[in-house]
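No lab work stands behind these numbers, since they all come straight from the coordinates. Note that this is a predicted model, so its numbers are computed, not measured. Positions of Cβ are generated from backbone atoms using ideal geometry, with glycine treated the same way; all protein chains shown enter the neighbour counts.
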Amino acid sequence: MTKELFIQGNEACARGAIEAGCRFFGGYPITPSTEIAEYLSTTLPEVSGSFIQMEDELSAIGAVIAASWSGVKSMTATSGPGFSLMQENIGFAMMSETPLVVVDVQRGSPSTGQPTMSGQGDMMQARWGSHGDYEPIAISPSSVQEFFDFTVLGFNLAEKYRVPVIILADEVIGHMREKVRLPDNVETFKRIMPKEDPKDFLPFKNVRNGTNPMPAFGDGYNIHVTGLTHNELGYPITINPKVHSNLVRRLVNKILKNRKDIVSCDFKYCDDADIVLISYGSPVRSIMETVKIGRSSGIKLGYLKINTPYPFPEDEVVKIAKNVNDLMVVEMNLGQMFHEIERVASSNAGVHLFSEIGGTLPKPNDILDRILELL
Amino acid sequence: MVEDNESTETDFITYEEKNPYIKYFRKDRLPTIFCSGCGIGITINSFLKGFESSGMDFNNLSLVSGIGCSSRIPGYLNCDSLHTSHGRALSFATGLKVGNPDLDVVVFTGDGDAAAIGGNHLIHAARRNINLTVICINNNIYGMTGGQISPTSPEGSLATTAPYGSIDTPFNLIDLVTAAGATFTGRWTTAHPLQLSNSIKNGLLNNGFSFIEVVSQCPTYYGRKNKLKTPVSMIKMFKESSINKRKVGTLSEKELLSKIVIGEFVNKKREEFSNKLENLSHKESGRNTIRKSAYIL
């Protein structure tokens, strides 16, 4: 029997984390994500988990990485300024293949910006914020229900591929209240313990699908975990070009070669559409409404809703671009995912940007006005 | 400082004959990257001696470090080891200890890692009194990057970024962590390996935040810059300028500036952080926190 509740997005996220098996939260208060920490500070002790309010976001992500190596599914939640502080160790988690979830409830930015208003200014930070080559997984919910569902999905993908997964929510989704259905049983991905004897086990083996089983500290595997370039045993080898190339290419390919398993999009009315609107996160609500209004007055509109900004759904965007005249990217920044979409789609369709900054959702009538200019 | 090494074929028997603690090493990683005459070797031996005398189980030991010469130690010892980012060792160690309070967690750090970039985590770990044993190898300089001043460099000392002598006021690390709430503190130099290993043992046995400062020589950078060119001359200097805390009362404040005060300074009981979390879990869920729950949930 599913349970129906009328709750806030941040609470849905926290409930999703508990259902997914999260038993450690380390974080630092920041608007508009704080309710996630508050909810988990109450709930985690009730399910034999641990909550720590750390001294800053630098330590929050550090504690989360190490808690994951202790054998516990772990997460943190933050917003733009805190997400910036976490970037170095998000790279460490990529390099050391540490499963964890970072929730970024985006607000108006840059800098301290608009703490209580919405924005999507962290899209490229999520992609390139830490130094070096890596392939992040990022998921963007556009409803309170999805904030629950995608947090569960985030933990499952983090464990399956041994990577940090970023939930790119925004203030609208974090603070909005909606009805959600909480299933009785949530499917979880349980971490896989190595089967080999510790002396035969290579924790960072160059395996075909890229992902190795993961022992916990204290299991007798005596593993060495480092952010330095390392060989299959985990030992630092920093001046051998081949070791570096093998490692970084495996880390990148374990995501890219499994793109089909990870990427998720929804689309509607794209078959006969002249113009397709593309968005992710809370502005998806605006483009759905725009399509409805447009269709009722005879304009052939469709929409593409990107659930996983990363890995970027290249094939899905190109497929739609081939069938339409124009694409319009609607986002709450001055053009971030727009450039990704333009990069893959501009040879097949006109690619336009509808930006809304200032903290409120794009208005369907404003989007429609821009569409009328195109026709 | 050599930036890195590749393991080459080595005659392990030689090591075993020379060092009774070689059994704790990842022998396939030897030799180490440390310079000849570096104080880290003395510190590792003192740690292993202290660890053995504590009666603790090496198989239950997890080592955590940040970035710097001293942070390379965990990579050479054959237990679970986590070599993290610069300054963050204590935040990682906090997550590891809370995630599995059964683990014995030891942090190796240096003056730059612990007191400059990681200073905030140092005082907060001490404030929480979380059961970690921190061994801070203080060589008063940045070795890994080639000899820049650190937050413990004495005023007037020379470094590549203090060519006219340091004008910064150095931290007294023991005073710092004591004020922040550490429940065990000790300071020795590499000229006091027996006292050091005894304090490390005491720190390991303290159920709380233990901080042991090891004043150590960096002949390659500190020594060369500051007219102490050999490891021997540096250790001699440590012997001559160290003074036991019991004798401090006889010296003026000015006289103390040139001294290294050695001894154990704090050894007290205060409720430990991961125990408090366990108690909370017990109260709210009827049981301890679940160990290794990622494999079952």
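For the range B:191-292, what size does the Cα cloud have along each of its three principal axes, sorted from largest down, in whole Å?
62, 34, 23
Can you give the alpha-carbon Rg of the range B:129-230 over 2.2 N^0.38 Å, where N counts its residues?
Cα Rg divided by the expected 2.2 N^0.38 Å: 1.16.
I'd like the distance separating the alpha-carbon centroids of the range A:45-76 and the range A:7-24, in whole Å.
About 14 Å separates the Cα centre of the range A:45-76 from the one of the range A:7-24.
Considering the Cα positions of the range A:177-334, please state its Rg to one decimal place and its Dmax as a whole number of Å.
Cα only, the range A:177-334: 22.6, 69 Å (Rg, Dmax).
Which value, in Å to one decimal place, does the Kirkwood hydrodynamic radius take for chain A when every pair of different Cα atoms is included?
Here the Kirkwood hydrodynamic radius works out to 21.2 Å.
Any lysines with Cα under 20 Å of the B:Lys49 Cα? List them, leaving off those in the same chain fewer than 8 positions away.
B:Lys18, B:Lys23, B:Lys27, B:Lys201
Could you run the Debye sum over the Cα atoms of the range B:12-271, one equal point scatterer each and no solvent, and tell me log10 of I(q)/I(0) at q = 0.08, 0.17 Å⁻¹, two decimals?
Calculated log10 I(q)/I(0) at the listed q: -0.28, -1.40.
Take the alpha-carbon positions of the range B:184-241, form their convex hull, and give its projected area averaged over all directions (one quarter of the hull surface) in nm².
Result: 4.2 nm².
Arrange A:Leu361, B:Leu196 by Cβ neighbour counts within 10 Å, fewest through most, would you?
Fewest-to-most ranking of A:Leu361, B:Leu196: A:Leu361, B:Leu196.
Which value in Å is the Kirkwood Rh of the range A:3-182 over different Cα pairs?
Values: mean 1/r = 0.0645 Å⁻¹.
Hydrodynamic radius (Kirkwood, Cα pairs) of the range A:3-182 is 15.5 Å.
Can you spot the aspartates and glutamates whose alpha carbon is less than 17 Å from A:Lys3's alpha carbon? Ignore those fewer than 8 places along the same chain.
A:Glu11, A:Glu19, A:Glu146, A:Asp149, A:Glu178, A:Asp184, A:Glu187
Going out from 0 in 10 Å bins, what whole percent of all Cα-Cα distances in the protein assembly as shown drops into each bin?
Percent of pairs per bin, in order: 3, 15, 24, 23, 17, 10, 5, 2, 0, 0.
Fewest first, what order do B:Asp57, B:Asp113 take by the number of other Cβ atoms within 10 Å? Don't jump to the answer; show the numbers that get you there.
Working: B:Asp57 9, B:Asp113 33.
Fewest to most other Cβ atoms nearby, the residues stand as B:Asp57, B:Asp113.
Can you list, largest first and rounded to whole Å, the semi-axes you get for the range A:265-374 by taking the square root of 5 times each eigenvalue of its Cα gyration tensor?
Details: eigenvalues 65, 57, 30 Å².
Taking √(5λ) for each Cα gyration eigenvalue gives 18, 17, 12 Å.
Dividing the alpha-carbon radius of gyration of the range A:25-122 by 2.2 N^0.38 Å (N being the number of residues), what value is obtained?
On the way: Rg = 13.1 Å, N = 98, 2.2 N^0.38 = 12.6 Å.
So the range A:25-122 has a normalised radius of gyration of 1.05.
Round to a whole angstrom and tell me the spacing of the C-alpha centers of the range A:250-318 and the range A:116-181.
Measuring centre to centre over Cα atoms gives 16 Å.
Among all the lysines, which ones have a C-alpha under 18 Å from A:Lys160's C-alpha, if same-chain residues fewer than 8 places away are not counted?
A:Lys73, A:Lys190, A:Lys195, A:Lys205, A:Lys254, A:Lys257, A:Lys260, B:Lys292
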